[in-house]
Amino acid sequence: MGRRAIIFHGTGGNPDVCWYPWLTERLRARGYTVEVPHHPGINVEPIATFLPKVLDGHSFDEDTVLVGHSGGAALLLALLEHVDVTVAQAILVAGYCTRPNTEEEPVLQQSYDWAAIRSHVRDIYFINSRKDPYGCDDRQGRAMFERLGGTQIVRDDGHFGDYNQPYDRFELVDRLIP
């Protein structure tokens with residue numbers, strides 16, 4: 001099938017914001033087929049009904065790279081638990097596995113089968129900021145890292161893109177994807 005990447009935007013986002021278009025072009029230039037789907041239901045619709053739609057709407061194989069930002073990163077946990085293959089790589093940017101603040105988080109499952117998640121990804125990265133305004137911080141990254149292994153990267157870069165934080169390029173994520 002060839003090298004593929006799927007970039008999942010965060011809560012309230014869309015494929016045309018932040019660094020998603022920039023990363024898409026960088027990966028395409030290296031021969032990747034890239035999908036950046038618009039999923040307005042991320043972190044709006046309960047994960048139990050939303051996840052089957054995501055699984056049915058995409059194909060995954062051993063050459064797939066998954067990138068998720070914020071709510072999209074939280075979605076990757078459920079997705080990785082339930083796919084039936086082992087994907088090449090997952091990069092969770094500003095991800096979280098428990099409620100990061102007082103807001104409801106429909107994208108989160110009540111619990112996770114961490115062994116299943118780990119068995120469905122060869123290489124996993126957690127990129128979090130100590131200064132994340134929503135609580136998707138380094139402690140959230142550490143909680144996932146302790147359960148799944150992989151690599152945790154901690155920065156002081158806010159939310160890595162938001163309505164009030166322009167973040168048009170993300171060199172680190174680009175360098176992590178071979």
Worksheet item: Among 120, 176, 166, whose Cα sits farthest toward the positive end of the charge dipole of the stretch 106-178 (+1 at Cβ of Lys/Arg, -1 at Cβ of Asp/Glu, about the Cα centre)?
Response: 120
Worksheet entry | residue 82 accessible area, assembled protein chains, probe 1.4 Å, Å² | 90 Å²
Worksheet item: At a Förster radius of 25 Å, what calculated FRET efficiency corresponds to the Cβ-Cβ distance of residue 109 and residue 62, to the nearest 0.05?
Response: 0.55
Worksheet item: Given DSSP loops and a limit of at most 12 other Cβ atoms within 10 Å, what is the longest stretch of the chain that contains no such GluC sites (Glu not before Pro)?
Response: 105-178
Worksheet item: So how strong a dipole does the stretch 54-178 carry about its Cα centre when Lys and Arg Cβ are +1 and Asp and Glu Cβ are -1, to the nearest 20 debye?
Response: 420 debye
Item to complete: Using +1 at the Cβ of each Lys and Arg and -1 at the Cβ of each Asp and Glu in the chain, identify which of 55, 15, 144 lies farthest towards the dipole's positive end.
Response: 144
Worksheet item: Say we join alpha carbon atoms closer than 10 Å with springs in a Gaussian network model of the chain; which of 141, 161, 95 then has the biggest fluctuation?
Response: 161
Practice prompt. Could you list the trypsin sites (Lys or Arg not before Pro) in the stretch 72-145 that lie in coil according to DSSP, counting only those with at most 16 other Cβ atoms within 10 Å of their Cβ?
Written response: 130, 131
Worksheet item: From the Cα gyration tensor of the stretch 2-57, with a ≥ b ≥ c the square roots of its eigenvalues, which class applies: rounded if a/c is under 1.5, or else prolate if a/b is larger than b/c, or else oblate?
Response: oblate
Worksheet entry | Separation of alpha-carbon centers, the stretch 1-44 and the stretch 48-77, rounded to whole Å | 11 Å
Practice prompt. List every residue whose amide H lies under 5 Å from the amide H of residue 124, counting only residues 5 or more places away in sequence or on a different chain, with H placed 1.01 Å from N in the peptide plane.
Written response: 90, 151
Response to the item:
Candidate cut points under trypsin sites (Lys or Arg not before Pro) in the stretch 147-176, DSSP loop plus at most 16 other Cβ atoms within 10 Å of their own Cβ, are 169
Worksheet item: What number, rounded to the nearest 500 deg cm²/dmol, is the helix-based mean residue ellipticity at 222 nm of the chain, given -39500 (n - 2.57) per DSSP H run of at least four residues and division by all its residues?
Response: -9000 deg cm²/dmol
Response to the item:
Largest fluctuation, 48, 90, 78 only, Gaussian network model of the chain with Cα springs under 10 angstrom, belongs to 48
Item to complete: Starting from the Cα gyration tensor of the stretch 92-159, multiply each eigenvalue by 5, take the square root, and state the resulting semi-axes largest first in whole Å.
Response: 19, 16, 8
Discussion item. Please report the spacing between the Cα centers of the stretch 110-133 and the stretch 138-164 in Å, no decimals.
Written reply: 9 Å
Worksheet entry | Prolate/oblate/rounded call for the stretch 1-102, Cα gyration tensor, a/c under 1.5 rounded | oblate
Discussion item. Taking the Cα centre as origin and putting +1 on Lys and Arg beta-carbons and -1 on Asp and Glu beta-carbons, what dipole magnitude results for the stretch 1-111, to the nearest 20 debye?
Written reply: 360 debye
Worksheet item: Relative contact order for the chain: what is it in percent, counting Cα pairs under 8 Å that are at least 6 residues apart?
Response: 22 percent
Item to complete: Over every pair of different alpha-carbon atoms in the chain, take the mean of 1/r and invert it; report that Kirkwood radius in Å.
Response: 15.8 Å
Item to complete: Report the FRET efficiency, 1/(1 + (r/R0)^6), for residue 3 and residue 53, where r is their Cβ-Cβ distance and R0 is 22 Å, rounded to 0.05.
Response: 0.35
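The values are calculated or read from the model by the stated rules, or taken from the named source; none is laboratory data. Quick caveat, the model's predicted, so the values are computed rather than measured. When we count neighbours, we look across all protein chains shown, and the Cβ atoms used for this are built from the backbone with ideal geometry, even at glycine. Side chains are part of the model used for accessible areas, which takes the heavy atoms of the whole protein and leaves out ligands, DNA and RNA. Shrake-Rupley method; radii C 1.70, N 1.55, O 1.52, S 1.80 Å.
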